[in-house]
Amino acid sequence: MFYHDAVFWKLYCDLKEKINDLDEVISRHANILSGQLIYNEGGNHDILFFLKSLDLDMKMGYRLGNVIKLRGIF
């Protein structure tokens, strides 16, 4: 769990500098309805997975939310 938390914190701090409304985006993702959408599409992902998907979007030059393919978050 220590490594999970360490990676989460580093990634969060890095993305916080690049995405102005990151806290709001995380709050929308962490909403129970968003979680239900993810579950219905065959997933069960935590916030670390979500942050990594945003990181990949940025590294690949995609629109935010492209990797995770959730509607209504952005």
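Read-outs: derived from the displayed coordinates by stated rules, not from any lab. As the structure is a computational prediction, the values presented were derived from the model and not from experiment. Note that each Cβ is placed from the backbone with ideal geometry, even for glycine, and that neighbours are counted across all protein chains shown.
Quick notes on this one:
- Using θ = phi - 60° and Karplus 6.51 cos²θ - 1.76 cosθ + 1.60, couplings along region 4-21 (whole Hz; Gly, Pro as x): 4, 5, 5, 5, 4, 5, 4, 5, 4, 4, 5, 6, 4, 6, 9, 10, 4, 9
- Per-residue HN-Hα couplings for region 22-29 [Karplus 6.51, -1.76, 1.60; θ = phi - 60°; Hz; x = Gly/Pro]: 4, 4, 5, 4, 5, 4, 5, 5
- On the basis of the beta-carbon distance and an R0 of 30 Å, residue 66 and residue 5 show a calculated FRET efficiency of 0.70.
- Full-stretch length increase - residue 59, residue 22 - with 0.36 nm per residue and alpha-carbon distance subtracted: 11.7 nm
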